[in-house]
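What follows is calculated from the coordinates using simple rules that are stated; it is not laboratory data. Remember, predicted model here, so these are calculated numbers, not experimental data. Backbone-built Cβ (ideal geometry, glycine too); neighbour counts: all protein chains shown.
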Amino acid sequence: MMGTVAVNGEVRRLEDLRLQDFLQSFFFGAGFFETLLLEEGAPMFLERHLARLQASLAAHAGCVHAPPPEVLTAGAVREALRRCLEADASLGPRFTGVGKLVAGDGRLLLSFRPLLPHHERTLGEGCVLDALEDRGYRRDDPSLKHKSVSYLRQYAHFGRGTVFGNEAGELCEAPNGNLFFLVGDAVATPPLAAPCLPGIIRSVLLEEGRLGGLPVVERTVRQAQVEDVRGCVLTNSVSLALAVPRLLGRELPGSHELAERARAVVREYARREA
């Protein structure tokens, strides 16, 4: 994390933040976060991120102390972002990297980090998902539909090439994104009840409705169907769409073309919504 942050719109230094201002979030995970891509100072899909954040806060109004409504508007976040970038020479107005919003304890914290050193290489190579974890996810678990700061279950599997499955033998998501499978006559992504996060890029691709001439649909994908999968894409708000060239031991040569088409769709939507 870089040194300049904003708390409820006020530009601060990271080292000056006080633990007692974030006690519920830190000790109990009573908060939510959003991670978004910044390109030359412009946040991608900011309104969608804020809508999801506000929906999570509303669903947990009895246990998470939400920030004031006025700091959760797109205009307020854009202004806080602008002021942070101008105040820190290591960022600058044309900063390209990652922004993170954390809401809890009555505060909205905005922070920044650079893209990972291997970001561009990963976009080209994709990511292999060869490990299945099917002990932790349970169908219709409502907690997994919100991006809570209680993120250990997912964080523990970062870099391990994990796919989460549920007790019914269905594939759900990856630790760092939603999954889309080229299987049968469609590009299918698991339904939210699987469960999985209502991802921002997931919503864009479902709205588009087609990739490479095939419909994009919500549809249950079972572990037993992996032999029929011809391509797979992992989506998240930083990488947008990553090819999965191997899924649970199966080589998927169609994944790279599918990921390129998905990224093109996402970037066109972002251009229109900017």
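A few remarks follow.
- Mean separation of Cα contacts under 8 Å, 6 or more apart, over the residue count of segment 35-157: relative contact order %: 26
- Rounded to 0.05, the FRET efficiency of the residue 223 and residue 150 pair, given R0 = 30 Å and the Cβ-Cβ distance, is 0.70.
- Value at 222 nm in deg cm²/dmol, rounded to 500, when DSSP H runs of n ≥ 4 in the chain each add -39,500 (n - 2.57): -8000 deg cm²/dmol
- Label separation (residue 133 vs residue 230): 3.2 nm, computed from points 7 Å beyond Cα along the C-beta direction.
- Between 0 and 90 degrees, the angle of helix 255-273 with respect to the longest Cα principal axis of the chain falls at about 40 degrees.
- Where labels lie 7 Å past Cα in the beta-carbon direction, separation of residue 158 and residue 79 in nm: 3.2
- With R₀ fixed at 30 Å, the C-beta to C-beta distance from residue 207 to residue 17 puts the FRET efficiency at about 0.20.
- Computed label-point distance, nm, for sites residue 2 and residue 40 using a 7 Å Cα→Cβ extension: 1.6
- The ratio of the alpha-carbon radius of gyration of segment 119-273 to the globular-protein estimate 2.2 N^0.38 Å is 0.95.
- Segment 210-274: projected area of the alpha-carbon convex hull, averaged over directions, in nm²: 5.0
- Largest GNM mean-square fluctuation among 153, 261, 250, using the chain with Cα springs under 10 Å: 153.
- Among residues other than residue 35 with Cβ under 13 Å from its Cβ, the summed charge is +4 (Lys and Arg +1, Asp and Glu -1).
- Across q = 0.14, 0.15, 0.17 Å⁻¹, segment 1-90 modelled as identical point scatterers on its alpha-carbon atoms has Debye log10 I(q)/I(0) values of -0.55, -0.64, -0.83, in the order of the q list.
- For segment 247-274, no residue has its backbone nitrogen under 15 Å from a point 7 Å from the Cα of residue 185, taken along Cα to Cβ.
- Shown here is the pair-distance distribution of the chain: with all Cα-Cα distances grouped in 5 Å bins from zero up to the longest one, the shares run 1, 6, 13, 16, 18, 17, 13, 9, 5, 2, 0 percent.
- Rg(Cα) / (2.2 N^0.38 Å) computed for segment 152-193, rounded to two decimals: 1.24
- Remark: segment 178-274 carries a charge dipole of roughly 140 debye about the Cα centre, counting +1 on each Lys and Arg Cβ and -1 on each Asp and Glu Cβ.
- Angle in degrees between helix 46-59 and the longest Cα principal axis of the chain, rounded to the nearest 10: 90
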